[in-house]
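Student: Here it is: the structure, laid out below.
What follows is calculated from the coordinates using simple rules that are stated; it is not laboratory data. Just so we're clear, the structure is a prediction, and the values are computed from it rather than from any experiment. Counting neighbours? That spans all protein chains shown, and the Cβs are built from the backbone with ideal geometry, glycine included.
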Amino acid sequence: MNRRNWIRGWIISLAWLFWPKPKGIAAVSLTPLDEAAFRRMVAAHRGRILLVDFWATWCAPCRAEMPQLVALWTAQKRRGLDLVTISCDEPEQEPAAAQFVDWQGAPSPHYIRHVASDDNFINSIDPKWSGALPALFLFDRNGKLTQSFIGETDPKLLETAIDRMLST
Amino acid sequence: MKHCLVAFLFSALVAASSVYGQEFKVSSPVAGFSVTQLDGAPAHFDNVKGNVTLVMFISVQCPVSNAYDDRMNALYQDYVPKGVKFIVLNANRTELAAAVQEHAREHSFQFTVYKDENNVVADRFGATVTPETYLIDSAGVLRYHGSIDDAQNVSRVTTRRLRLALDAVLAGKEPPQAETKAFGCSIKRAPKGT
């Protein structure tokens, strides 16, 4: 994920932003997810390294980094990396979020947070997380949170962390 | 073994409190800090604070922050007459003073917006997201930290968290919730060492 890929991410993100959106229901739907569903989802990935991407259509850096995360997952999935995307969009943005995540080729199912309280949801994932996006969370093969990347993350830092976990 | 446990607990405590070198915490006093006016002149907390002071981190480009622009103006209209002073800050390295000024004009902000150069004040408060608010009482103690309310879309708001905290602090009481969280845009920090 070098500078060229970073620029490509922004171009793809901007292209999506201005691309004509189809009317009506998006071809893919997002799976609602709350605290309990999040815990079950993480447990279902035990035995693999899990990268969870919290993003939103209103978050420009999230849109820009999505192609890089998909490229990273494509390159490393055979070594044991899984990628899960969770949209933090409001319900009215769900069709656009579904379209974007599908367009990016992110692995299914795609999730959207559907919770009674953002406070409880955010704290259940990482009490040190304020809710700032983008936010990436790395879980080890036992389903334990090992690293959080809040805000714009240096792709090399993320790649190094994942490579280290895949190597152990 | 006991020493190891103490050392571990201490380091965990340090790690938990070291979000960008966070210095100001809920229930603790807020020491003086300086902000920059949009014309470049400095302003000190002691000169702009009120009996109760609301510190609010906002953004020019963040759609979540912008979704709250009308609510921020309404807060200003409702609480300035009650003696609350507003210190509204833009800490994003990507948003220069001219853009902040233009944004304030476009959205008819009634409050002054300051620049937090190199996010020094954001670091001291541990602010990471926009919008994010901090409420300081008459004794200079931080009483509330968190979101303005519980929904980006105003039609879905059920708890006006900041207003509840403001009303409580103005009445000399504890806010119903001292800390809250919400999704928003990360503050675009300056690289360390600049």
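Student: How many Cβ atoms of partner chains, on average, are near each residue of A:103-114 if near means within 10 Å of its Cβ?
Tutor: Mean number of neighbouring Cβ atoms from other chains: 0.
Student: More than 20 angstrom separation, counting every C-alpha pair in region B:69-194; what % is that?
Tutor: The calculated P(r) of region B:69-194 puts 47 percent of pairs beyond 20 Å.
Student: Tell me the label-point distance for the pair A:R164, A:K144, using the 7 Å Cα-to-Cβ offset, in nm and rounded to one decimal.
Tutor: So the two model labels end up 1.5 nm from each other.
Student: Using Cα-Cα distances under 8 Å and only pairs 6 or more residues apart, what relative contact order does region B:40-194 have, in percent? Can you show the working numbers first?
Tutor: Working: 267 pairs, mean separation 41.0, N = 155.
Relative contact order for region B:40-194 comes out at 26 percent.
Student: Something else: Using only atoms on other chains, find how many Cβ atoms lie within 10 Å of each Cβ of peptide B:137-150 and report the average.
Tutor: 1
Student: Also: Based only on other Cβ atoms within 10 Å, what is the fewest-to-most ordering of B:H145, A:H110, B:H44?
Tutor: Working: B:H145 24, A:H110 21, B:H44 11.
In increasing order of surrounding Cβ atoms, one gets B:H44, A:H110, B:H145.
Student: May I ask you to sort B:E106, A:E152, A:E90 by Cβ crowding, counting other Cβ atoms within 10 Å and putting the fewest first? Please report the intermediate quantities before stating the final value.
Tutor: Working: B:E106 10, A:E152 15, A:E90 19.
Ascending number of Cβ neighbours within 10 Å: B:E106, A:E152, A:E90.
Student: Oh, and also: Per DSSP H run of at least 4 residues, take -39500 (n - 2.57); add these up for chain B, divide by its residues and hand me the 222 nm value, nearest 500 deg cm²/dmol.
Tutor: Rounded to the nearest 500, it is -9000 deg cm²/dmol.
Student: Can you list the HN-Hα couplings for region B:113-128, worked out from phi with the Karplus curve (6.51, -1.76, 1.60; θ = phi - 60°), rounded to whole Hz and with x for Gly and Pro?
Tutor: 10, 10, 9, 10, 5, 6, 6, 5, 6, 4, 4, 5, 7, x, 6, 10
Student: Next up: Once you sort the root eigenvalues of the Cα gyration tensor of region A:28-89 as a ≥ b ≥ c, which label holds: rounded (a/c under 1.5), prolate (a/b larger than b/c) or oblate (the other case)?
Tutor: Here region A:28-89 falls in the oblate category.
Student: Helix B:97-106 against the longest principal axis of chain B: what's the angle in degrees, Cα atoms only, rounded to the nearest 10?
Tutor: So the inclination is approximately 50 degrees.
Student: For B:Y144, list long-range residues whose amide hydrogen, built 1.01 Å from N in the peptide plane, is under 5 Å from its own amide hydrogen.
Tutor: Correct list: B:L135.
Student: Same structure again: Within 10 Å of each Cβ in A:115-122, how many Cβ atoms from other chains are there, averaged over the peptide?
Tutor: Neighbouring Cβ atoms belonging to other protein chains average 4 per residue here.
Student: With a cut-off of 8 Å between alpha carbons and a minimum separation of six or more residues, what is the relative contact order of region A:54-162 in percent?
Tutor: On the way: 112 pairs, mean separation 28.2, N = 109.
Worked out over region A:54-162, it gives 26 percent.
Student: Show the residues, 5+ positions off or on another chain, whose built amide H is closer than 5 Å to the amide H of A:T85.
Tutor: Counting only residues 5 or more places away or on other chains, the set is A:D53, A:Y111.
Student: Then there's this: Give, as a single signed number, the net charge of other residues whose beta carbon lies under 12 Å from the beta carbon of B:A91, with Lys and Arg counted +1 and Asp and Glu -1. Kindly include the intermediate steps, with their values, before the conclusion.
Tutor: Details: positive: B:R93, B:K115, B:R124, B:K188, B:R189; negative: B:E95, B:D116, B:E117, B:D123, B:E132.
Summing Lys and Arg as +1 and Asp and Glu as -1 gives 0.
Student: List the residues whose amide H sits under 5 Å from the amide H of B:V129, counting only those 5 or more places along or on another chain, with H placed 1.01 Å from N in the peptide plane.
Tutor: Distant-sequence amide H within range of B:V129: B:I187.
Student: Right, something else. Against the longest principal axis of chain B, how steep is helix B:69-79, in degrees 0 to 90 to the nearest 10, with axes from Cα atoms?
Tutor: On a 0 to 90 degree scale, this one is about 90.
Student: Tell me the Rg and the Dmax, in Å, that the Cα atoms of the protein assembly as shown produce.
Tutor: Cα radius of gyration and Dmax of the protein assembly as shown are 21.0, 65 Å respectively.
Student: Take each of the peptides B:108-120, B:53-65, A:68-80, average the number of other beta-carbon atoms within 10 Å over its residues, and list them starting from the highest. Provide the component values of the computation, followed by the final result.
Tutor: Numbers: B:108-120: 18.5, B:53-65: 23.3, A:68-80: 16.5.
By packing density, highest mean first, the sequence is B:53-65, B:108-120, A:68-80.
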